[in-house]
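**Q** Dropping the structure in here first, questions after.
The values are calculated or read from the model by the stated rules, or taken from the named source; none is laboratory data. Remember, predicted model here, so these are calculated numbers, not experimental data. We place every Cβ from the backbone using ideal geometry, glycine too, and count neighbours over all the protein chains shown.
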Amino acid sequence: MATTKMRTVEQTVAYFKENDPQTAVNPTMLRSLLKQGKIKFVKIGAKYLINVDWFEEWLKNPVMEENIADKNQYGKLRKI
């Protein structure tokens, strides 16, 4: 059975820097993605834990969600 690699934001950045010193992954980017709900995480207290393997797969093929609400509102009058 394979173990899950759960890391904090700083540990995740260190993991990627170790494998690729020129990586653009940084703590600010990770926190932004976490707060936007674009990547999966587990929050324990004030810490976010990220599954490193899942995040690496997400980086290879990020899911880009379109803002459907904006498309549906185009051309409609809004209440004032």
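**Q** Going by the conditions given, is ALA24 modelled with pLDDT under 90 and exposed (fewer than 10 other Cβ atoms within 10 Å of the Cβ)?
**A** No: the conditions fail for ALA24.
**Q** List the pairs whose first member sits in region 18-43 and is more than 13 Å from ARG7 (Cβ to Cβ), whose second member is among the hydroxyl-bearing types (Ser, Thr, Tyr), and whose Cβ atoms are under 9 Å apart, counting only residues at least 6 apart or on separate chains?
**A** ARG31/TYR48; LYS38/SER32
**Q** Quick check on my filter: what residues within region 32-71 are within 19 Å of VAL13 (Cβ to Cβ), β-branched (Val, Ile, Thr) and either in a helix (DSSP H, G or I) or modelled with pLDDT of 90 or more (or both)?
**A** VAL42, ILE44, ILE50, VAL52
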